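Working notes, structure below.
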Amino acid sequence: MGTYLFGDTGESLDPQLDALSSLLDAGTFARVERLGITDGWRCLEVGGGGGSVANWLADVVAPSGHVTVTDLDVTRLEERDNITVLEHDVVSGVLPGNAFDLVHARGVLFHLPARETVLRKLRDALRPGGWLVLDEFDCLPLEVLAAAPDDAKLIMRVKNALLTLLDQAGAELSWGARIERALLDTGLHDISGAREVREWEGGSPGCRLLAATARQVRAKLPLSDDEFGRYLELMETPEVVVSSYAMCSAQGRK
């Protein structure tokens, strides 16, 4: 079945969610705006995390539209006049059919061994003409572009250890690279997408994400305390540069 790697580590998810929001929100908002979202749309945000996307959607579809936002942990999500918060497991839970003009999920299906089944469930939740939008990572490309040789080796050790843990937990490391094909296979139309690799400098949202992710699984990383401390320092050092994971997005219409 797989287990969410960051679900119960004793570390707060807030730094990880904040970094993801800083890194990805602007791109997510721009993609959804290009679909023509407006007042009156009914939206489903799956895996709402810290709530930044749900809150933005609620503003855009107001006053007559509505957003339903779901997650396993809803403590960071806030009800509003046009936001319903739903504690929900997208794998085992039921979603209404033909109900939404927009369904969006970011970094969710990547973690789920049942991702293909969940994808069909999200498709079925769309009204005719509705859009399904996915934002996912392809985790394989990250490389070190600027760092001392020993530091570069340490960064890659952490990357490889983390990817091994994700793989063992049931994640598909290259899922982002095939989301357009997956949307097409569900029978959606008007498929399009984008793939972006950036340079992340130490201290940037991308490197803050890498550091927060490492903290989440510290107990499982094969590093000494000194090595782990050095890794965190490198993620804050502006002279360190890594190429990002590939940030992939795709959308399709029912």
- Note on the structure: From the option list 118, 133, single residue qualifying as open to solvent by less than 30 Å² (accessible area, probe 1.4 Å), touching a Leu at 6+ places or on another chain (Cβ under 8 Å) and either part of a strand (DSSP E or B) or of a type in the set (Asp, Glu) (or both) is 133
- Message: Please go through the stretch 92-104 and give me each residue that is free of Cβ contacts under 8 Å to residues at least 60 places away in the same chain and either part of a strand (DSSP E or B) or among the hydrophobic types (A, V, I, L, M, F, W, C) (or both), ordered by number.
- Response: 94, 95, 99, 100
- Qualifying positions in the stretch 93-115 - open to solvent by 50 Å² or more (accessible area, probe 1.4 Å) and at positive phi: 98
- Take the residues of the stretch 32-91 that are assigned to a strand (DSSP E or B) and among the aliphatic types (A, V, I, L, M): which is surrounded by the fewest Cβ atoms within 10 Å (Cβ to Cβ)? 86
- What is the number of the single condition among (1) touching a residue at least 60 places away in the same chain (Cβ under 8 Å); (2) surrounded by fewer than 16 Cβ atoms within 10 Å (Cβ to Cβ); (3) of a type in the set (A, V, I, L, M) that residue 191 does not meet? (2)
- Task: Read through the list (1) within 20 Å of residue 192 (Cα to Cα); (2) open to solvent by 50 Å² or more (accessible area, probe 1.4 Å); (3) without any contact (Cβ under 8 Å) to a residue 40 or more places away in the chain, then give the number of the only condition that residue 29 fails.
- Result: (2)
- Query: Considering only residues of the stretch 176-188 that are open to solvent by less than 40 Å² (accessible area, probe 1.4 Å) and not in a loop (DSSP other than H, G, I, E, B), which is farthest from residue 160 (Cα to Cα)?
  - Reply: 183
- Query: Within the group 219, 152, which residue is open to solvent by less than 80 Å² (accessible area, probe 1.4 Å) and either within 27 Å of residue 115 (Cβ to Cβ) or in a helix (DSSP H, G or I) (or both)?
  - Reply: 152
- Which one is nearest to residue 166 (Cα to Cα) among residues in the stretch 200-216 that are open to solvent by 10 Å² or more (accessible area, probe 1.4 Å) and hydrophobic (A, V, I, L, M, F, W, C)? 210
- Restrict the check to the stretch 160-173 and report whether at least one residue is open to solvent by 60 Å² or more (accessible area, probe 1.4 Å), touching a residue at least 24 places away in the same chain (Cβ under 8 Å) and within 20 Å of the chain's Cα centre (by Cα). no
- Task: From (1) closer than 13 Å to residue 133 by Cα; (2) in contact with a strand residue (DSSP E or B) (Cβ under 7 Å, 6 or more places away or on another chain), pick out the condition that doesn't hold for residue 34.
- Result: (2)
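The values are calculated or read from the model by the stated rules, or taken from the named source; none is laboratory data. None of these values were measured; they are calculated from a predicted model. So basically every Cβ, Gly included, is an ideal-geometry build from the backbone, and we count neighbours across all protein chains shown. The area values use the complete protein model at the heavy-atom level, side chains included, leaving out ligands, DNA and RNA. Shrake-Rupley method; radii C 1.70, N 1.55, O 1.52, S 1.80 Å.
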